[in-house]
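Following: one structure in structure tokens, then a few remarks.
The values are calculated or read from the model by the stated rules, or taken from the named source; none is laboratory data. None of the values given here were measured: they were computed from a predicted structure. Note that each Cβ is placed from the backbone with ideal geometry, even for glycine, and that neighbours are counted across all protein chains shown.
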Amino acid sequence: MRKVIGIGETILDIIFKNDKPWAAVPGGSVFNSIVSLAHMGVPVEFISEVGKDSVGELIQRFMRENGIDTSHLDVYADNKSPVSLAFLNEEMDAQYSFYKNYPSQRLQVELPEIVEGDVVMLGSFYAVDPALRERHVELLQKAKDKHAIVFYDLNFRRPHKHDAIKLAPYFIENLEFADIVRGSEEDFMCLYNLSDVDKIYNDKIRFYCKNFLLTAGRKEVQLRAQSLSKSYPVAPIDVVSTVGAGDNFNAGIIYSLLKQDIQLDDLATLSEQAWDSMVSTGMRFSAEVCKSFDNSVPKGFTI
């Protein structure tokens, strides 16, 4: 059976509403996607790191309770697990502050086995962190060698904006490995001060990866692929929190990709109907997670 392998940070999201702590949920960009896929019955593996502290124990317990093996989790002893504070505004969109204290030696774990047909996910600052570059390239090269699909979500936020130029070679390398790229309008404004989808695709993405999805909150989802250009309206919903919305859009795309049994070689000639199904599923995952303070779709969620 095909599986999804994610690499990314695990972090405790403490969510503030009206300047008061409202919820505390294990999160992380790729982590949220992996949890949702596990809830949908997809076999998953996750590569990450936590401290040997109360937050780290909470995250490990959460992983086990949600069907995610912890054998590829590096548990370090002398530093604390990362925490983020997510402040919700009146539209329930979040602004983040991150608190991290990683050790000098990181991700000292064995990488999972990859076979043809698997999907490898990466994203956020974690995917361009110089301290983790060697492990990411090792994983991505294995994915390419085994004919797996690589899904890359840029998810690059303002707190790291001052590092964008220095990290540019790592963005490009990730794009070269990627088979599907997803980014938000916020990502590209932060990185390049661009919001026009065609300019982003033609100037920044297309040369490296032909399949591109742009999300922009409540605005249309934009698809640009080898022979297809399409916009998808986003249905209005009552939003409780947008934390995890983009991550679950990614999870929905991958869930639909697996459900349709789309393989790497199919992506170059994928039909409009297949893309429609993937984007629709992505939007349904995203809408579902916006209805609560959870970062992932619930167990028992159906499409």
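Could you look through region 266-299, keep only residues that are small (Gly, Ala, Ser) and not in a helix (DSSP H, G or I), and pick out the one that is modelled with the lowest pLDDT? Filtering region 266-299 for residues that are small (Gly, Ala, Ser) and not in a helix (DSSP H, G or I), the one modelled with the lowest pLDDT comes out as Ser292. Answer yes or no as to whether His147 is part of a loop (DSSP other than H, G, I, E, B) and in contact with a helix residue (DSSP H, G or I) (Cβ under 7 Å, 6 or more places away or on another chain). When the stated conditions are applied, His147 passes them.
Checking the condition closer than 23 Å to Tyr232 by Cα and touching a Lys or Arg at 6+ places or on another chain (Cβ under 8 Å), which residue from Asp198, Asp203, Asp179 passes? Exactly one residue qualifies, and that residue is Asp198.
To keep it simple, each residue is scored yes or no on (1) acidic (Asp, Glu); (2) out of contact with any His (no Cβ under 8 Å at 6 or more places or on another chain); (3) surrounded by 13 or more Cβ atoms within 10 Å (Cβ to Cβ).
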{"residue": "Gln60", "(1), (2), (3)": "no, yes, yes"}
{"residue": "Asp78", "(1), (2), (3)": "yes, yes, no"}
{"residue": "Val109", "(1), (2), (3)": "no, no, yes"}
{"residue": "Asp118", "(1), (2), (3)": "yes, yes, yes"}
{"residue": "Ala143", "(1), (2), (3)": "no, yes, yes"}
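Among the residues of region 175-204 satisfying the criterion of being aliphatic (A, V, I, L, M) and outside any helix (DSSP H, G or I), which is farthest from Met283 (Cα to Cα)? The residue in question is Leu194.
Scanning region 239-281 for residues that are of a type in the set (S, T, N, Q) and crowded, with 22+ Cβ neighbours inside 10 Å yields Ser241, Asn248, Asn250, Ser256.
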